[in-house]
Amino acid sequence: MSELATTGPGTESDPILTLANVRQSYSGVLALRGISLDVAKGEFLTLLGPSGSGKSTLLRVIAGLEEPDSADVMRLNGHSIVGVPPEARNVSTVFQHYALFPHMSVGENVEYSLRIRKVAPEERRRRAEAALALVRLPDKYGRRIHQLSGGERQRVALARSLVMGPDILLLDEPLGALDERLRLDMQIELIELRRKTGATFILVTHSQEEAITMSDRIVLMRAGTIEQMGNPRDLFASPATEFAARFMGFENVLRGRILRVSAQDAEIDIEGTTIRGRVVAKNLRPGDTAFAAIRAEHIHVAKAADRTNHLRGTAGAPVYKGRFTDVPFRSPAGDLMVRLDGADDVLPPQADLSFAPETCVIGSIGPESAGQEETSSKGKKHD
Amino acid sequence: MSAMRKGQAGTGVEQAAIGTITVLWVLGVLLPILSLLVISFIQGKGLGFVWAFSTKAYADILVDFRIEIVLRTLRIVAAVTLIELLLAFPFALWLAKGLKPGWLKSTLLILLVVPFFLSPAARTIVWRSILGSEGLVNIFLAQTGISPEPVSWLLFSEFSVHLGLIGPYFPSMVWPLFISFSLIDDELIKASRDLGADAFTTLRHVVVPLALPGIAAGLVFTAIPMLGDNVASTLLGGGNVALIAESFDDLIRAMNYPGAAALASLLVLAMLLAFLVARLVLARRQASEGGIFAEMQA
């Protein structure tokens, strides 16, 4: 996937950050396996992935809080930052638990980086108050940190990082510690903040919803590598791998064998059922092991107009989710989750399920996961 | 309702505990100090007392040589405590933040406890064979020709008393510092570096202010027991460096109990003054921080 690194928006102008083949390990365990990435000036980039995928490590490497084992290129705003200590890099991190200095007031926290840079006190105060106004805390300058709520601390941490005018603002799961309502508000506010400051943001999160809401571009990471990169629409609609499909919230991911491939669509055989869908992988050939992914809301309980993607399923116990109901179905192709809008629909035990081919994505499974597929499908046949 | 009753029961237990501790504290700590004060203001007569107010005890102890001893003790204790701080600070910082948990850290922490179990006299008297006129240092100096004559100020001098006090009180300074450094969140140090501060600036603006309660505790835990130390001055002072502790021995041997009580009362007063100064210094920080830091100062 690393060849995708050169096709990001960074190629249009000079990228603010260039990484090539960054490697990092912790006591023998590889955390980053050769990451290459360009970040454009003013971009909102999200590093998305499950825990252990290396996204936080990558952020710390960019901040200089960790020195990578090796890196071919690490350039920030035109200068190499290989071996440069964190204090000499013009980037700033908003830590997950804010890391505000408890012995200083809000104002002293925000002014910290300016005090280090020997900015005159009046100038410091002016800029700190401007930064606090930016995060909508204009009258909290004299407060102590322990007098603030979680959301307010978050904003102070943002102000403290923004006041020094960093080349890149690094956000390490900044919304993780907030309750849901506050998290949604802060998402909007971060978008606003980026718009107002025009700064480059790199966000680390494990929430695909956060990534999709806020970013210009998402870097999906898995086990120290970049699995897929693209804008939120690309990743949401066209995950290129089975892992990406699952991580981007496709409820139904099934495995089978490719029957027919064209430039746009393909047919895949899943346990004897033929499914037609959009091709999201290159080099797919008939006979390959592949996956098909369909979102629960794209499956309808009705007879299809033609015989394409038509399955007969047996309904299981519905799960009421408020705005909708998820119903698991057993079908010849495997278990399918179906999302129904009407919560009170009475379902017949047997139902016809169908979905449009353009809502179903078909992609290849990497060689290592294909091996697992071999053994698991063999196991199924013995049942 | 039930939660409220539970809360009241909890307060009841707490109040009982506070009451018990208060009574024990009054009986075990406050009463002896108060009787010390009372005895210092009466006159002794053999093994008994003459129950009449008198300041004779204070007049007795405030003779020239004893004021000199008090001042010398305060000077030596202050100097050694400062030396301990300078030695223990980098060591405790390395132990808390530089050293990854493992066998080395555990071993060092155990070694820091061991001195508490050793006989103070045994570990102090070793210095005699090192610093004496036929000790290791003088043998070395003679053989290398640096000083053919034995250097006499090495032993039975203020120098040897200072040296003898450093070792035993090192752990007393390291422990509070180590604990307060360990309590500082690593993320705060990272945040400081991230915001542009180098290691020294981070030390000055983040680590030292946050470790201040530990520094204060270290100073108190080191200086106060050292005020009562009679081992180093007896074994390494050789009668040339008398400290307060020996004065107590002298006064008690002479059955001058009011005199001993008066001297002790003055020491208690000096400590109270030192505490008040420390509190004033820490007052601003105490106002700004809750929880653990406030507890550590108490």
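The values are calculated or read from the model by the stated rules, or taken from the named source; none is laboratory data. Just so it is clear, the structure is predicted and the values come from calculations on it, not from any experiment. Cβ atoms come from the backbone with ideal geometry, glycine included; neighbour counts cover every protein chain shown. Ligands, DNA and RNA are stripped out before the accessible areas are found, and what is left, the full protein with its side chains, is counted by its heavy atoms. Shrake-Rupley method; radii C 1.70, N 1.55, O 1.52, S 1.80 Å.
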Checklist entry - What are the DSSP H helices in chain B that stretch 15 Å or more along their long axis, judged by alpha-carbon atoms, and whose average Kyte-Doolittle hydropathy comes to at least 0.5? => result B:64-93, B:103-113, B:120-131, B:158-182, B:208-227, B:257-288
Checklist entry - Add -39500 (n - 2.57) for each DSSP H run of 4 or more in chain A, then divide by its residues: what number comes out at 222 nm, to the nearest 500 deg cm²/dmol? => result -8000 deg cm²/dmol
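Just need the relative contact order of chain A here, percent rounded to a whole number, with Cα pairs under 8 Å and 6+ apart. Can you show the working numbers first?
Details: 799 pairs, mean separation 55.7, N = 383.
So the answer I get is 15 percent.
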Checklist entry - What is the spread of the Cα atoms of chain A along each of their three principal axes, largest first, in whole Å? => result 75, 50, 39
Item to check | Principal semi-axes in Å for the protein assembly as shown [√(5λ), Cα gyration tensor, largest first] | outcome: 72, 30, 26
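Strictly over 28 Å apart at the Cα level, which of A:Lys118/B:Lys100; A:Lys55/B:Lys105; A:Lys118/A:Lys196; A:Lys140/A:Lys196; A:Lys55/B:Lys97; A:Lys55/A:Lys282 would you flag in this model?
Pairs exceeding the cut-off: A:Lys118/B:Lys100; A:Lys55/B:Lys105.
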Checklist entry - What order do B:Leu267, B:Leu36 take when sorted by accessible area (1.4 Å probe), most exposed first? => result B:Leu36, B:Leu267
Next on the checklist: What does DSSP give for the protein assembly as shown in terms of the percent of beta bridges that are antiparallel, rounded to the nearest 5?
Outcome noted: 75 percent
Item to check | Residue among B:Gly167, B:Gly28, B:Gly135 with the largest mean-square fluctuation in a Gaussian network model of chain B, springs linking Cα atoms under 10 Å | outcome: B:Gly28
Checklist outcome for this item: Per-residue accessible area, 1.4 Å probe, largest first, puts B:Phe275, B:Phe49, B:Phe200 in the order B:Phe200, B:Phe275, B:Phe49
Next on the checklist: Largest first, please: the extent of the C-alpha atoms of segment B:108-256 along each principal axis, to the nearest Å.
Outcome noted: 57, 51, 25
Item to check | Anisotropy class of segment B:64-166 from Cα gyration tensor, a/c 1.5 cut | outcome: oblate
Item to check | Cα-based shape type of segment A:109-151, given that a ≥ b ≥ c are square roots of the gyration tensor eigenvalues and the cut on a/c is 1.5 | outcome: prolate
Checklist outcome for this item: Per the C-alpha gyration tensor (a ≥ b ≥ c, the square roots of its eigenvalues), chain B is rounded if a/c is under 1.5, else prolate if a/b beats b/c, else oblate; here it's oblate
Item to check | chain B - percent relative contact order, Cα under 8 Å, separation 6 or more | outcome: 26 percent
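Run the numbers for B:Phe140 and B:Arg204: contour at 0.36 nm per residue of separation, minus the present Cα-Cα distance, in nm.
That works out to 18.9 nm of additional length.
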Item to check | With eigenvalues of the C-alpha gyration tensor scaled by 5 and rooted, segment B:1-113, Å | outcome: 42, 36, 11
Checklist entry - Per 10 Å bin from zero, what fraction in whole % of the C-alpha pairs of segment A:52-93 is there, up to the bin with the longest pair? => result 29, 60, 11, 0
Checklist entry - Quick one: ranking B:Trp175, B:Trp153, B:Trp51 by accessible area, 1.4 Å probe, largest first, what do you get? => result B:Trp51, B:Trp153, B:Trp175
Checklist outcome for this item: Taking r as the C-beta separation of A:Asn90 and A:Arg195 and R0 as 22 Å, the FRET efficiency to the nearest 0.05 is 0.55
Item to check | GNM flexibility winner over chain A from A:Leu336, A:Leu182, A:Leu203 (Cα, springs under 10 Å) | outcome: A:Leu182
Checklist outcome for this item: If one compares the long axis through the Cα atoms of helix A:121-134 with the longest principal axis of the Cα atoms of chain A, the angle in degrees, nearest 10, works out at 20 degrees
Next on the checklist: On C-alpha positions alone, give me the angle between the axis of helix A:367-382 and the longest principal axis of chain A, in degrees, nearest 10.
Outcome noted: 40 degrees
